[in-house]
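A short worksheet on the structure shown next.
The values are calculated or read from the model by the stated rules, or taken from the named source; none is laboratory data. The structure displayed is predicted, hence computed values, not measured ones. Heads up, the Cβs are rebuilt from the backbone with ideal geometry, glycines too, and the neighbour counts pull from every protein chain shown.
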Amino acid sequence: MTLADISLSEFRHCLRHPGMLLSIGPFIVRLRSDLFELPPLLRQLYSEYGVVEDNSFADFHISLYRLGGLRRWWRPQVQFRVDNETPFSPFPRDTALPFLEWGLNWCVGRRAHQYLMLHAGVLEKNGSAVLFPAWPGSGKSTLCAALSHRNWRLLSDEFALVRPADLALIPFPRPIALKNESISIIRAFAPNAVVGPEYPKTRKGTVAHMRPPKESVALSKITAQARWIVFPHYETGAKLCLSTISKERAFLKLSGNSFNYELIGLRGFETVSRLIESCDCHLLRYSKLEEAVTQLECLVAR
């Protein structure tokens, strides 16, 4: 059963108590909330995700609740809780959805140390995967959103979860956070993409979330193996250039894009080393999205 199979009224009731258990990639998340506006937004972006039986184990217990008192009416705020702890200050109620997405990222980044976690997009085509390690502003999310609507399977936009034992890439497809100009770019590039409301008051400017393609969510239990590592870099007016880089340089760049490389010690070093050895490594500089997509299609075809 998926979230789309549950009525909106039933979903609202479950969110209040006892909470809704959702299967999101390798994790089970129990979500509770009393926000009236949140259920339709979640149904829009997570409609194809599986609903788990109430007595199942949950990796994260997340709650979003309105603050009482004056804050209920004057500049309303919401509190994020995970496992009955409040790691963040309250945040404006009208940014609840982007903060929930960010909070789930925080939960995974703090606890999923059974994996090497890379700040990277992951997409698969023809049985092989491409890693796109990059920091904010590189155009990574725009590129991932575009490729996912050109018959590439989205494994992740934010977290590349690498299983150290066999270098398997664990799918963790989530709504892609598009920022500022990327929102209109993707709306024009993929008119059929489902993009949620825009939030202009976040720390990263205006943010809107694109629902991952149904096929990517349906295949979220099937791992992939990396064949290429491509470090993308968007630069206004730049001429398209895909260049090969040495494995030594790729190692330094990839380890620097990890959330827990140092924390997991020797296991992290060995995993990054083996991942680099198993992949061709490139830099991609681009300014035009269509050109970048075509170049990556050619790379995979070769």
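Comparison of Gly109, Gly137 shows that the only residue that is surrounded by fewer than 24 Cβ atoms within 10 Å (Cβ to Cβ), in contact (Cβ under 8 Å) with a residue 40 or more places away in the chain and either assigned to a helix (DSSP H, G or I) or not assigned by TED's automatic domain parsing to the domain that holds Leu266 (or both) is Gly109.
So in the range 250-268, with the set limited to residues that are of a type outside the set (Gly, Ala, Ser) and free of Cβ contacts under 8 Å to residues at least 12 places away in the same chain, which one is surrounded by the fewest Cβ atoms within 10 Å (Cβ to Cβ)? Don't jump to the end; show me each part of the working.
Step one: filter the range 250-268 for residues of a type outside the set (Gly, Ala, Ser), giving 251-254, 257, 259-264, 266-267.
Now restrict to residues that are free of Cβ contacts under 8 Å to residues at least 12 places away in the same chain: 252, 262, 266.
Values: Leu252: 12, Glu262: 10, Leu266: 7.
By that ranking, first place goes to Leu266.
So which residues in the range 214-236 are out of contact with any helix residue (DSSP H, G or I) (no Cβ under 8 Å at 6 or more places or on another chain), within 20 Å of Leu296 (Cβ to Cβ) and of a type in the set (Gly, Ala, Ser), if there are any at all? Residue satisfying the conditions is Ala224 alone. A count restricted to the range 146-168 and to residues that are touching a residue at least 60 places away in the same chain (Cβ under 8 Å) and either among the acidic types (Asp, Glu) or in a loop (DSSP other than H, G, I, E, B) (or both) stands at 4. Pairs meeting the criteria (first residue in the range 192-207 and touching a residue at least 40 places away in the same chain (Cβ under 8 Å) and among the small types (Gly, Ala, Ser), second residue surrounded by 13 or more Cβ atoms within 10 Å (Cβ to Cβ) and assigned to a strand (DSSP E or B), beta carbons under 8 Å, at least 6 apart or on different chains) are Ala193/Met210; Gly196/Ala208; Gly196/His209; Gly196/Met210. Annotation for the range 270-285: no member residue is of a type in the set (Gly, Ala, Ser), at pLDDT 95 or above and closer than 21 Å to Ser141 by Cα.
Search the range 72-117 for residues being aromatic (Phe, Trp, Tyr) and within 24 Å of Pro197 (Cα to Cα), and hand back the single one that is modelled with the lowest pLDDT. Ranking the qualifying residues of the range 72-117, first place goes to Trp73.
For His119, state whether it is assigned to a loop (DSSP other than H, G, I, E, B), under 23 Å from Ser278 (Cβ atoms) and of a type outside the set (S, T, N, Q).
For His119, the condition - assigned to a loop (DSSP other than H, G, I, E, B), under 23 Å from Ser278 (Cβ atoms) and of a type outside the set (S, T, N, Q) - is not met.
So, Phe259, is that one touching a strand residue (DSSP E or B) at 6+ places or on another chain (Cβ under 6 Å) and aromatic (Phe, Trp, Tyr) or not? Criteria met by Phe259. Taken as a whole, the structure leaves Pro173 outside the set of residues that are outside any helix (DSSP H, G or I) and within 20 Å of Ala292 (Cα to Cα).
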